[in-house]
Amino acid sequence: MVLDSNTYTMSAAKAVATARVNSFGYGAVNLQVSGLPSGVRAAFSQSSLVSGAVTITFSANSTAVKQKVPVILWGVSGSRVHSVTLYLNVSPT
């Protein structure tokens with residue numbers, strides 16, 4: 001997996017990341033994120049794909065705290081697990 005950047009800053013409480021996913025040779029790659037702070041969520045354009053681009057939209061509500069946090073994007077396919085770390089500058093609504 002490759003991200004279009006390693007740091008994302010929210011504007012109007014949102015940030016968008018694009019990841020390129022290549023098949024691990026074990027079928028579909030299932031994506032998930034970990035490390036999101038309270039009040040922040042992530043939505044995938046597609047959470048499972050064999051290969052291609054996926055958009056991840058991060059959004060913060062009014063309870064989110066302004067901070068910079070590491071977020072891990074996980075890709076799991078069969079017994080293979082890949083991860084990439086990005087940094088999200090959270091800015092609530």
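Quick notes
- Criterion (assigned to a strand (DSSP E or B) and open to solvent by less than 50 Å² (accessible area, probe 1.4 Å)) met by exactly one of Ala43, Ala64: Ala43
- Within the stretch 1-14, residues that are within 17 Å of Leu31 (Cβ to Cβ) have Cβ atoms under 8 Å from residues that are not in a strand (DSSP E or B) in these pairs: Met1/Asn22, counting only partners at least 6 apart in sequence or on another chain.
- Scanning the stretch 67-80 for residues that are under 14 Å from Asn6 (Cβ atoms) and loosely packed, with under 15 Cβ neighbours inside 10 Å yields a total of 4.
- Residues (out of contact with any Ser or Thr (no Cβ under 6 Å at 6 or more places or on another chain) and not small (Gly, Ala, Ser)) located in the stretch 62-83: Thr63, Val65, Gln67, Lys68, Val69, Val71, Leu73, Val76, Arg80, Val81, His82
- Top-ranked residue in the stretch 2-30 [being hydrophobic (A, V, I, L, M, F, W, C) and open to solvent by 50 Å² or more (accessible area, probe 1.4 Å); ranked as farthest from Lys66 (Cα to Cα)]: Val2
- Close pairs (7 angstrom Cβ cut-off, 6 or more residues apart or separate chains): farther than 15 Å from Val84 by Cβ and part of a loop (DSSP other than H, G, I, E, B) in the stretch 23-34, hydroxyl-bearing (Ser, Thr, Tyr) and open to solvent by 40 Å² or more (accessible area, probe 1.4 Å) anywhere: Ser23/Ser51; Ala28/Ser48
- Members of the stretch 46-61 found to be assigned to a loop (DSSP other than H, G, I, E, B) and either within 16 Å of Ala12 (Cα to Cα) or among the aliphatic types (A, V, I, L, M) (or both), listed by number: Val50, Asn61
The values are calculated or read from the model by the stated rules, or taken from the named source; none is laboratory data. The structure presented is a predicted model; accordingly, all values stated were derived computationally and were not measured. A quick note on method: Cβ atoms are made from the backbone with ideal geometry, for glycine too, and the neighbour counts reach across all protein chains shown. The area values use the complete protein model at the heavy-atom level, side chains included, leaving out ligands, DNA and RNA. Shrake-Rupley method; radii C 1.70, N 1.55, O 1.52, S 1.80 Å.
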